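> Could you have a look at this structure, given as structure tokens, before my questions?
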Amino acid sequence: MDERYLIDEMRIEDSWRIFRIMAEFIEGFEVLSKIPAAVSIFGSTKTHPKDNDYQKAEETARRLVKEGYAIATGGGPGIMEAANKGAKEAGGVSVGLNIDLPEEQKPNKYIGTCLNFRYFFVRKVMFVKYAVAFVIFPGGFGTLDELFEPLQLIQTQKIKPFPVILVGKEYWRGLLNWIEEVLLARGKISSHDLNLFHIAEEPEEIVSFIKEKRG
């Protein structure tokens, strides 16, 4: 097959991809612009309902709803399910921003408003644009990605600062030590960058910190 033909076909596919991306942005903006100020809660999909972190996420969402916040998650199982459950059972706005994956991630049953995304970067824009705080429970690569996205945006002044809270000092200890002993010690970040995030243990502490920072 002619190489030029293949290149042309790829360009056509890219052009149509732009329309799919635009459609995801438009739908996200239209739906999420109508919800109350939201707290985005992240963490592992593998967290079991009997796990202490699951229960903390559920209680955190419940308390935040009582303070008038919506709860936004990635829409899947684990910590996301816990947060959506707490929000729904407290009578609040429970949002799930689900992502299409090769191994299908089914939206959990506690979501009130559900959006499905094909593109991770569009989904991340929605989390940042419509959140007034990020709460990060223990998780894996996806959770780390969701942690560092707002930190970089706040650091570079691309967005206004908002609370970014890591839950569980023991879980995050190794990462925090590396940030201080490697990144800070070698001059890759400044000392004031350590103030971009906060460590918390319990739901009441999380909620109190968000309320304090939001005035």
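The values are calculated or read from the model by the stated rules, or taken from the named source; none is laboratory data. Please read all numbers here as calculations on a predicted model, not as lab measurements. Here the Cβ positions follow ideal geometry from the backbone for every residue, glycine too, while neighbour counts run over all protein chains shown.
> Quick check on this structure: which one of Gly28, Gly43, Gly68 is crowded, with 24+ Cβ neighbours inside 10 Å and either modelled with pLDDT of 95 or more or at positive phi (or both)?
Of the residues listed, the single one that is crowded, with 24+ Cβ neighbours inside 10 Å and either modelled with pLDDT of 95 or more or at positive phi (or both) is Gly43.
> Quick one: count up the residues across the range 57-83 that are within 13 Å of the chain's Cα centre (by Cα) and polar (S, T, N, Q).
1
> Could you list, ordered by first residue, the pairs with Cβ atoms under 7 Å in which the first is in the range 189-215 and free of Cβ contacts under 8 Å to residues at least 60 places away in the same chain and closer than 13 Å to Thr60 by Cβ and the second is basic (Lys, Arg) and assigned to a helix (DSSP H, G or I), at least 6 apart or interchain?
Every condition considered, the pairs that remain are Glu201/Lys169.
> Out of curiosity, is Tyr130 buried (at least 18 other Cβ atoms within 10 Å of the Cβ) and touching a residue at least 40 places away in the same chain (Cβ under 8 Å)?
When the stated conditions are applied, Tyr130 passes them.
> Give Leu166, Leu147, Leu115 a once-over and let me know the one that is outside any helix (DSSP H, G or I), in contact (Cβ under 8 Å) with a residue 60 or more places away in the chain and among the hydrophobic types (A, V, I, L, M, F, W, C).
Leu115
> Go through the range 98-122 and give me each residue that's in contact with a helix residue (DSSP H, G or I) (Cβ under 7 Å, 6 or more places away or on another chain), buried (at least 21 other Cβ atoms within 10 Å of the Cβ) and closer than 14 Å to Thr45 by Cβ.
Asn108
> Return the residues of the range 67-112 that are part of a loop (DSSP other than H, G, I, E, B), closer than 19 Å to Leu32 by Cα and aliphatic (A, V, I, L, M); say none if nothing qualifies.
Val93, Ile111
> Output the residue which, of all residues in the range 155-210 that are polar (S, T, N, Q) and surrounded by fewer than 12 Cβ atoms within 10 Å (Cβ to Cβ), is nearest to Thr47 (Cα to Cα).
Of everything passing the filter in the range 155-210, Asn177 is nearest to Thr47 (Cα to Cα).
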